[in-house]
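**Student:** Quick one: this structure, given as structure tokens, is what I'll be asking you about.
Bear in mind these aren't lab numbers, they're just calculated from the coordinates by the rules spelled out. Keep in mind that what you see is a predicted model, and the values were worked out from it rather than measured. Please note: Cβ atoms are built from the backbone with ideal geometry, for glycine as well, and neighbour counts cover all protein chains shown.
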Ligand SMILES: Cc1cc2nc3c(=O)[nH]c(=O)nc-3n(C[C@H](O)[C@H](O)[C@H](O)COP(=O)(O)OP(=O)(O)OC[C@H]3O[C@@H](n4cnc5c(N)ncnc54)[C@H](O)[C@@H]3O)c2cc1C
């Protein structure tokens, strides 16, 4: 079969890239090894409950909605506002307004009076960055529309009004190379307070993102029907515009002739031909397994294989015999810290006894996502494959299962602090480790945002100004998009790189 372009992996990046190409009339094949598209945007159903196994809500970031509108599928997706709360011990605080955010920091200030001035510094920096980001919200990204003389003219008054804030924002880009934890430590005396504030973020998260989170959280939405509605609708769009979506199909080799791509081989032995290939999956796997041996020089391979991947996730999916209206807290999405604890590293055996978690309750956004009178709850904790002594996975299946269940017990004990009435109501739980994540997505180490956020341990570009180059690989006409293309990654990077690659391929094909 001959195509203009083959896209490997139907996560949000591969789907978006394939959709732009098929919309432009290019003959595209999107190849996905799982039975459904989605990757880190997947959901699953169990006993009538709907669970999102990857991302729990999406930030628009001036990118997602304009892209869906560009594909004409926005009205097929019914997004509801997703309110994010900060939880500590048995309390929760909304992050929806400046007032409620201040109430949270006031509460922390009372608990840690010696760190009050540090909290004020932090809030000042947050306010400066977020006031600019607030001016941006509502503006759609320039990626998906045509820049006309009229749009340029319209932006002039915006620059007059926001020019000063824009300069302040550009200055804050320096925080992209400072881990949020270091930023906090330089201002806040109490280590426990640093841990509480830093808890929701991955190890090495740049201060820029830590500071921007109030704006990001207020920009979160949830599609009725669950997260998987987004990939399913985009895949449908690819098909409707003439593209081919192959599921249950894994790319096992990329074929090169004179160092240029000519196609791929799949696990069922088929050869798909194309002179452009976009890898929207793991980059370590691309260079180590998919490309012919010795395609790349030793230095490149050494640097690649030395680089570390980002954190992964430990998840508990629970079915609870209680209607959502009877929950101790009627909130859909909480970033929760159970106790004030010193910084505890992921590899410590005690990490899960105090670790913070993301709590997500799908049926509080869409009641149809749990059986009548019941509630499905998801707990997510940042971790790695090295934690818990490699989860006992190298030892035996029994050891792995035992470790998983023990960790789930610790995590649930903490979850019951703010939800005490649910202790006796859990009907079942399903537990997933970073190995589950790797098995489902083929992302190295079960990574959920690609490369490690620490500048010294990463592989790809980190410079926003050079982002256009992040999709290049050493092989001409082979591009890398998604969470393995730029660091630090997440949904916005996936969408931007998908569009950049689609534009490059489209232009080259003419
Ligand atoms: C629990 C969780 C919470 C998150 N929260 C946030 C958040 O709040 N904000 C944010 O911005 N980001 C968040 N993220 C990260 C974000 O979801 C991911 O960075 C993003 O979805 C990655 O998309 P992707 O398309 O690059 O890769 P993936 O989603 O990993 O997709 C890659 C796809 O390629 C397929 N594949 C791999 N190899 C092959 C092959 N050889 N042949 C065929 N198919 C292949 C895989 O099966 C997979 O479907 C979260 C992720 C998780 C898991």
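**Student:** Sorted from largest to smallest, which semi-axis lengths in Å does the alpha carbon gyration tensor of the chain give for its equivalent ellipsoid, taking the root of 5 times each eigenvalue?
**Tutor:** That gives 35, 28, 24 Å for the three semi-axes.
**Student:** R0 = 22 Å: FRET efficiency of residue 427 with residue 399, Cβ-based, nearest 0.05?
**Tutor:** Step by step, r from the Cβ atoms, then E = 0.25.
**Student:** Where does the chain land at 222 nm, in deg cm²/dmol rounded to the nearest 500, when only DSSP H runs of n ≥ 4 count, each adding -39500 (n - 2.57), divided by all residues?
**Tutor:** Calculated from helices alone, the mean residue ellipticity at 222 nm is -11000 deg cm²/dmol.
**Student:** Moving on. In µm²/s, what is D for segment 287-376 at 37 °C and 0.692 mPa s, where D = kT/(6 pi eta Rh) by Stokes-Einstein and Rh is the Kirkwood radius from Cα pairs?
**Tutor:** The estimated diffusion coefficient comes to 188 µm²/s.
**Student:** Oh, and also: Estimate the FRET efficiency between residue 192 and residue 267 by the formula 1/(1 + (r/R0)^6), using the beta-carbon distance for r and 51 Å for R0, to the nearest 0.05.
**Tutor:** The pair residue 192/residue 267 has a calculated efficiency of 0.55.
**Student:** If you wrap segment 191-323's Cα atoms in a convex hull and average its projection over all directions, what's the area in nm²?
**Tutor:** Reported value for the Cα convex hull: 14.6 nm².
**Student:** Ok, one more. Which whole-number percentage describes the relative contact order of segment 311-441, with Cα contacts under 8 Å and a sequence gap of 6 or more?
**Tutor:** 40
**Student:** Express in nm, to one decimal, how much length is gained between residue 325 and residue 99 on full extension, taking 0.36 nm for each residue of separation and deducting their alpha carbon distance. Write out the running numbers ahead of the final one.
**Tutor:** Values: separation 226, 0.36 × 226 = 81.36 nm, distance 2.59 nm.
This chain segment gains 78.8 nm when fully extended.
**Student:** Hey, what angle do you get for helix 207-217 against the long axis of the chain, alpha-carbon based, 0 to 90 degrees rounded to 10?
**Tutor:** Here the helix axis deviates by roughly 80 degrees.
**Student:** Given 10 Å bins starting at zero, what is the percent of C-alpha pairs of segment 441-485 in each, up to the one with the largest pair distance?
**Tutor:** Result, from short to long distances: 25, 52, 23 percent.
**Student:** Order 296-303, 239-246 from most to least packed using the mean count of other Cβ atoms within 10 Å.
**Tutor:** Final packing ranking: 239-246, 296-303.
**Student:** Helix 397-415 versus the longest principal axis of the chain: what angle, 0 to 90°, nearest 10, using Cα atoms?
**Tutor:** 50
**Student:** How large is the Kirkwood hydrodynamic radius of segment 334-393, in angstrom, based on all distinct alpha carbon pairs?
**Tutor:** This gives a value of 13.5 Å.
**Student:** While we're here: So how far apart, in nm, are the two label points at residue 174 and residue 128 if each is 7 Å from Cα heading toward Cβ?
**Tutor:** 0.9
**Student:** Using only the alpha carbons of segment 354-510, determine the length spanned along each of the three principal axes and report them from longest to shortest in whole angstroms.
**Tutor:** 62, 42, 25
**Student:** Also: Between the helical axis of 491-509 and the dominant principal axis of the chain, each derived from Cα atoms, what acute angle in degrees is found, rounded to the nearest 10?
**Tutor:** 10
**Student:** Could I ask something else about it? Over the Cα atoms of segment 311-441, compute the convex hull volume and normalise it per residue, giving Å³.
**Tutor:** 111
**Student:** Sticking with this structure for a sec: How much length, in nm to one decimal, is gained on full extension between residue 69 and residue 116, taken as 0.36 nm per residue of separation minus their Cα-Cα distance?
**Tutor:** 12.4 nm
**Student:** Okay, next question. Given the Cα-Cα distance of residue 24 and residue 298 and 0.36 nm per residue of separation, how much length would full extension add, in nm?
**Tutor:** Values: separation 274, 0.36 × 274 = 98.64 nm, distance 3.80 nm.
Roughly 94.8 nm would be gained on extension.
**Student:** Could you tell me the convex hull volume per residue, in Å³, taken over the Cα atoms of segment 192-244?
**Tutor:** Once divided by residue count, the hull of segment 192-244 is 150 Å³.
**Student:** While we're looking at this one, here's another question. Contact order normalised by length for the chain, with contacts defined as Cα pairs under 8 Å and 6 or more residues apart; what percent is it? Intermediate values should be presented prior to the final figure.
**Tutor:** On the way: 1026 pairs, mean separation 117.6, N = 510.
Once normalised by length, the contact order is 23 percent.
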